[in-house]
1. Can you pull out the residues in the range A:192-203 that are within 7 Å of chain B (Cβ to nearest Cβ), touching a helix residue (DSSP H, G or I) at 6+ places or on another chain (Cβ under 7 Å) and surrounded by 24 or more Cβ atoms within 10 Å (Cβ to Cβ)?
2. For the range A:140-153, check the following and say yes or no: at least one residue is over 23 Å from residue B:35 (Cβ atoms), part of a helix (DSSP H, G or I) and touching a residue at least 12 places away in the same chain (Cβ under 8 Å).
3. Which of the numbered conditions does residue A:575 fail, given that it passes all the others? Conditions: (1) assigned to a loop (DSSP other than H, G, I, E, B); (2) within 14 Å of another protein chain (Cβ to nearest Cβ).
4. Do we find a residue being surrounded by fewer than 22 Cβ atoms within 10 Å (Cβ to Cβ), without any contact (Cβ under 8 Å) to a residue 12 or more places away in the chain and of a type in the set (Asp, Glu) anywhere in the range A:65-75?
5. Only one of (1) in a loop (DSSP other than H, G, I, E, B); (2) away from every other protein chain (no Cβ under 14 Å) fails for residue A:553. Which number is that?
6. Any idea how many residues of the range A:305-326 are surrounded by fewer than 23 Cβ atoms within 10 Å (Cβ to Cβ) and β-branched (Val, Ile, Thr)?
7. Of all residues in the range A:527-551, count the ones that are in contact with a His (Cβ under 9 Å, 6 or more places away or on another chain) and farther than 27 Å from residue A:17 by Cβ.
Amino acid sequence: MQNVAIADQIDELHDPQTFITKYIWSQDHKVIAIQYGLTAIFVGLIALALSGLMRLQLGFPDAFDFINPSDYLQFVTMHGMIMVIYLLTALLLGGFGNYLIPLMIGARDMVFPFLNMLSYWFYLVSVIVLLTSFFVPGGPTGAGWTLYPPQAILPGTPGYDWGIILMLVSLAIFIVAFTMGGLNYVTTVLQARTHGMTLMRMPLTIWGIFTATVLGLLAFPALLVSAIMMMLDKTLGTSFFMPALVSLGENLDYSGGSPILFQHLFWFFGHPEVYIVALPAFGMVSDVLATHARKSIFGYRMMVWAIVVIGGLSFFVWAHHMYVSGMDPAFGFFFATTTLIIAVPTAIKVYNWVLTLWKGNIQLTVPMLFAIGFIFTFTHGGLTGLFLGNVTIDLPLSDTYFVVAHFHMVMGVSPIMVLFAAIYHWYPLLTGKMFDERLGKIHFWFTFLGTYAIYLPMHYLGFLGVPRRYFAMGSMDFIPDSAQTLNQSITISALIVGFSQLIFLYNVFVSLRNGKPAGHNPWGATSLEWQTPDVPPRHGNWGPKLPQVYRWAYDYGVPGAKEDFIPQNHPVTDSERTAGEHDA
Amino acid sequence: MNVLRMLRDKPWLHAAEAATVAQYGGPDPVAAMRVMLRFILAIVGVIFFLFIITFLARSQYPDFQALAGAPWQPFTDPSRLWFNTALLACASLAIQMGLGGTRHGKLNVTVAGISAAVFFTVLFLIAQFDLWLHLQSMGFYMNGNPANSYFYLLTAVHGLHLIGGLLVLSNVVFRVWYDNDAASLTAPLKLCTTYWHFLLGVWLVLFAILTARPETINALAAMCGF
């Protein structure tokens, strides 16, 4: 029991005394969150650079001798895997989950701080193992982020030897790291909420993170199982996924395995993974929108239900990624139906975000701009999802740039818009300083307009039938010359958007030193994290006494209140109680 | 807690505030551990569930040869596996006995129970490893047939979970020894006991699946739609 934080007391069990214990081997959730965040952003910048290299090749083929077809496939694979797993999952749950859960529910720390610390260090090891694959013979795997067998482990695919092994090992370590962190998040939410913080008073950020973590805990095992089995196919010659085949003129020892079985396992993880990324983003954007529109979130209960329903349904839609695998039409019909059903709670959320803005006192701050930007990008990405969810429409569009454009809009750009919104929103709490508003707005417009310049034309390329993952298009009659011009335009836009992220980095780091002091609660927010005695919050978060919660997190614009917001830890007045009885 | 009722709460109304405040107390370390264990069991359950589903799917390919049924198959006579199962059952019983000791304040019973549990668990692992050697001596190598592959894989994963349990159990015992407080053993030992029983249950399912005859496997696979 030593490693369990007693959130009712000031926790002396892991009180940091030295630089090492305070900043390196720290068990403080805030430090661990920042460690997660910095590592994820570092590795994300590598993935961003890889996408720049890919775009250079696509926009200006033959112009860059240092990019050969193998390199290109390796860039594609590593870009995808890093962005989905090592950046988005790690930053949203490891970063924001760690930082916000204890603060938003009024706890002093995670319930298992030691495990939490281990979680980060395992994550770091997984990143190091992944990046090591750039330096081994053959380089990293180029099998695509889905790592489909048999090609992932056969000669002819870049990195089929060391690259794929390191990728699988890295994923296994990441899953261990995520599980340690995830167990902490769910247990903390269920067990360490402060007095008065009922589940239905939790901010939607916590609902999103909590549900996404449950999804992760149940979905990552599928990736682990498939990684273990593929590793055995690769190293010990088993035939779980490997069929009998001839490779480079040679009969291999494999026999009878099923590559489709791997696809089922992979997507049983892969589709919930979309929501592991999306649900925390849904939650955080709800809080940013309500705070900066000075209005309570529209349909709170419906938002919670939608999060839970989306989480549950996300386990029943995986095979819509496999329509072209030759499945039974009845199977395809089932998954098309569940896919369309999951659009209903998702659409409810979009409507509620828009209705939260309706007649709100909208403050066009930088976080708000990114949050509104998210509504646009997510709606567009979601609508193309309706196309791809239908079997008959998916078949011709499968493996074209339409799919690339769709998933980048819905689970690339959209969560990243929320991540920027969240970073700008919580930056004053994190650092005690304000960022440069002007630079933030410049960053927003470059990012928002730039992403449309990239992905809108990409949909059109997909309609033309331009295939994804190709190093060069060669001479295909159905692709007009204008497609190449479009590709050049996309590349230039992508490079501009990529470089514009330097504005963000500059703003974040320079504001640390030069930013104006943020003071307490600069946005006038109601949730608990802004009510700490110190900004940034100190170890233990709450000083000698834990906060008491009296109300939900969305009391904005309450009639008769002194200000246009009432924090969660402010007692309910008699007039409010009377009004409540009246309403009930 | 009634989840459905909770999900119908209207948090924007303040009339019911007093009742809901009283409902949620501060954190309890034992309860936190219990919640974590439930999630761990769910995760371990999902892992084995997925392995078994892939086993059933893979069993429907023509190269799959079940390890029981024909006289020359190793588990047509599963007596060695029954022996191993008895070892794990003894471990489960012993740890339960140890837990009973803590509840009645009998430290010697607790020590004996935990020691026996560790002994039987280690013996089970050694016996499983010996079975691997036996299978190899009979020519049933890991890459010989998918049924062999699954046997080695599933027993290895199960064994690793037991080793993990042993590490946690040793940590619990060490801390009790360090704190010199036997009473503090009850709650963590209860969680360890639950974990041991769970792994015994998992093993029984694995035992049944891995030693099933082809017709049984085919029937199960058909029920799953394969």
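1. A:192, A:193, A:197 - these are the residues of the range A:192-203 that are within 7 Å of chain B (Cβ to nearest Cβ), touching a helix residue (DSSP H, G or I) at 6+ places or on another chain (Cβ under 7 Å) and surrounded by 24 or more Cβ atoms within 10 Å (Cβ to Cβ).
2. Yes - at least one qualifying residue is present in the range A:140-153.
3. If we test residue A:575 against (1) assigned to a loop (DSSP other than H, G, I, E, B); (2) within 14 Å of another protein chain (Cβ to nearest Cβ), just (1) comes out false.
4. Yes; the residues of the range A:65-75 include at least one that is surrounded by fewer than 22 Cβ atoms within 10 Å (Cβ to Cβ), without any contact (Cβ under 8 Å) to a residue 12 or more places away in the chain and of a type in the set (Asp, Glu).
5. Answer for residue A:553: the failing condition is (2).
6. Qualifying residue count for the region: 3.
7. So the count comes out to 6.
Residues are listed down the side, and each one gets a yes or a no for (1) within 22 Å of residue A:407 (Cα to Cα); (2) more than 8 Å from chain B (Cβ to nearest Cβ):
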position: A:205; (1), (2): no, yes
position: A:217; (1), (2): no, no
position: A:259; (1), (2): no, yes
position: A:266; (1), (2): yes, yes
position: A:281; (1), (2): yes, yes
position: A:290; (1), (2): no, yes
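The values are calculated or read from the model by the stated rules, or taken from the named source; none is laboratory data. Because the structure is a prediction, the values reported are computed rather than measured. Note that each Cβ is placed from the backbone with ideal geometry, even for glycine, and that neighbours are counted across all protein chains shown.
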